Amino acid sequence: MTATEIQQVADVLHTAETWSKSGRQVALATVIETWGSAPRPVGSHLVIDADGNFEGSVSGGCVEGAVVTEAVDVIETGQPTTLEFGVADETAWRVGLSCGGRIRVYVEPVS
Amino acid sequence: MDFSLLELLNRERAARRAAILVTRLDDSSQRLVRKEDGYASDPLAEELEKRFRSGKSGTIETEEGNVFLTVSVPAPRLVIIGAVHITQALVPMAEIAGLDVTVIDPRTAFATEDRFPSSSLKADWPEEVLNETPLDAYTAVAAVTHDPKIDDFPLIEALKTGCFYVGALGSRKTHAKRLERFEAAGVDPALFDRIDAPIGLDIGAASPEEIAVAVLGSIITALRKAPELSP
């Protein structure tokens, strides 16, 4: 793991703490498994608030939209969930990424 | 994630301490394993050991179902004592290998920006620099000045702090004298085996550049392979 990767992980978790402290409702998404050539490594984070603002990356832009939508639900229900994406499917290709992998993302509320 | 757990994890990161967040994916329960607390009795001890070493997060199968390990280890650092010829070769190699490099040398004729354009260079005594930025277990120290006045203090500090690698340039004879000084200074002789001396892997390195390769090889070995049990 390079220093840059570690720094990036640290930043998102720090953002999650800062947002949470300032009273925003926050969910944290984490890449927990990848198959094939996934765009972001296992352990990558995305932090999302109830309004759909986010920081970080779990797929280099490819499925962030879907993760954010699910995360807003997770914030409402308080129930963690696991999402799976085939990054190479047609939807992904249309938004410009066809890296050919699959990723599993764990989304949990910070409470 | 519990907010207090997130705070704790971030605190460990900021302090350059290793920790692993253990998440059971079936019931979402979480706990934080701090490396310095010890984890030998943990049911996942073997896996945790591997992860602390590799720094890689990942999902594992356990008797309690799938568990995700969010691994947080500080970026490995390399502190080189001595802005010498070997160092000029070692700095770029170590940076390519992913280490954060600091070069310390109080001799301003050696420690010039011309000689070390990209690295973090401290033209000051190791005593001063290490007082501001202390060593830790995720730091390697390589002392290459040949001058006991400069090398001895950071080497002793590295041994006391448990730096993952401690290397010292010099022949066997020079090193024997060094150990005599360390013993006189009250350093526990049990720690002496931790010093890589003569420095670097035994690859017959001759030029400064080749010695740099040998030193980097030793550092990576120390970082990635389980330490030998002390006798």
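The values are calculated or read from the model by the stated rules, or taken from the named source; none is laboratory data. Being a predicted model, the structure only gives us computed values, none of them experimental. FYI the Cβ positions are ideal-geometry reconstructions off the backbone, even for glycines, and counts take in every protein chain you see. SASA here: full protein model, heavy atoms, side chains in, ligands and nucleic acids out. Shrake-Rupley method; radii C 1.70, N 1.55, O 1.52, S 1.80 Å.
Taking helices (runs of 4 or more DSSP H) that do not extend beyond chain A, which have at least 3 residues that are closer than 14 Å to B:Leu6 by Cβ and at pLDDT below 90? Let's see the steps before the verdict.
On the way: elements: A:3-21, A:64-77, A:90-94.
Because the criterion is at least 3 residues that are closer than 14 Å to B:Leu6 by Cβ and at pLDDT below 90, the helices (runs of 4 or more DSSP H) in chain A that meet it are A:3-21.
Kindly check whether there is at least one residue in region B:193-213 that is within 18 Å of B:His85 (Cα to Cα) and charged (D, E, K, R).
Taking every residue of region B:193-213 in turn, at least one turns out to be within 18 Å of B:His85 (Cα to Cα) and charged (D, E, K, R).
Residues being free of Cβ contacts under 8 Å to residues at least 40 places away in the same chain, within 24 Å of A:Thr82 (Cα to Cα), more than 10 Å from chain A (Cβ to nearest Cβ) and assigned to a strand (DSSP E or B): count how many of those fall in region B:13-42.
Going through region B:13-42 one residue at a time, the tally reaches 3.
Can you name the residue in region B:181-203 that is open to solvent by less than 50 Å² (accessible area, probe 1.4 Å) and among the β-branched types (Val, Ile, Thr) and, of all such residues, is farthest from B:Glu132 (Cα to Cα)?
Only one residue tops the list, namely B:Ile199.
Which residues, counting only those in region B:1-12, are touching a helix residue (DSSP H, G or I) at 6+ places or on another chain (Cβ under 7 Å) and either surrounded by fewer than 20 Cβ atoms within 10 Å (Cβ to Cβ) or without any contact (Cβ under 8 Å) to a residue 60 or more places away in the chain (or both)? Quick ask: steps written out before the conclusion?
Here is the first cut: in region B:1-12, the ones touching a helix residue (DSSP H, G or I) at 6+ places or on another chain (Cβ under 7 Å) are B:3, B:6-7, B:9-10.
Hits for region B:1-12 are B:Phe3, B:Leu6, B:Glu7, B:Asn10.
Which condition number does B:Leu191 fail, the rest of (1) within 20 Å of the chain's Cα centre (by Cα); (2) part of a loop (DSSP other than H, G, I, E, B) being met?
(2)
Keeping to region B:86-113, report how many residues are farther than 18 Å from B:Asp124 by Cα, part of a helix (DSSP H, G or I) and in contact (Cβ under 8 Å) with a residue 60 or more places away in the chain.
Qualifying residue count, region B:86-113: 5.
Yes/no matrix, rows are residues, columns are (1) in a helix (DSSP H, G or I); (2) at pLDDT below 95; (3) open to solvent by less than 20 Å² (accessible area, probe 1.4 Å):
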position: B:Leu179; (1), (2), (3): yes, no, no
position: B:Ala214; (1), (2), (3): yes, no, yes
position: B:Leu223; (1), (2), (3): yes, yes, no
position: B:Ser230; (1), (2), (3): no, yes, no
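Any residue at all in region B:52-60 that's away from chain A (no Cβ under 14 Å) and without any contact (Cβ under 8 Å) to a residue 40 or more places away in the chain?
To start, the set of residues in region B:52-60 that are away from chain A (no Cβ under 14 Å) comprises none.
The answer is no; no qualifying residue exists.
Return only the number of the condition from (1) in contact with a Phe, Trp or Tyr (Cβ under 8 Å, 6 or more places away or on another chain); (2) assigned by TED's automatic domain parsing to the domain that holds B:Ser207 that B:Arg16 does not satisfy.
Here B:Arg16 clears every test but (2).
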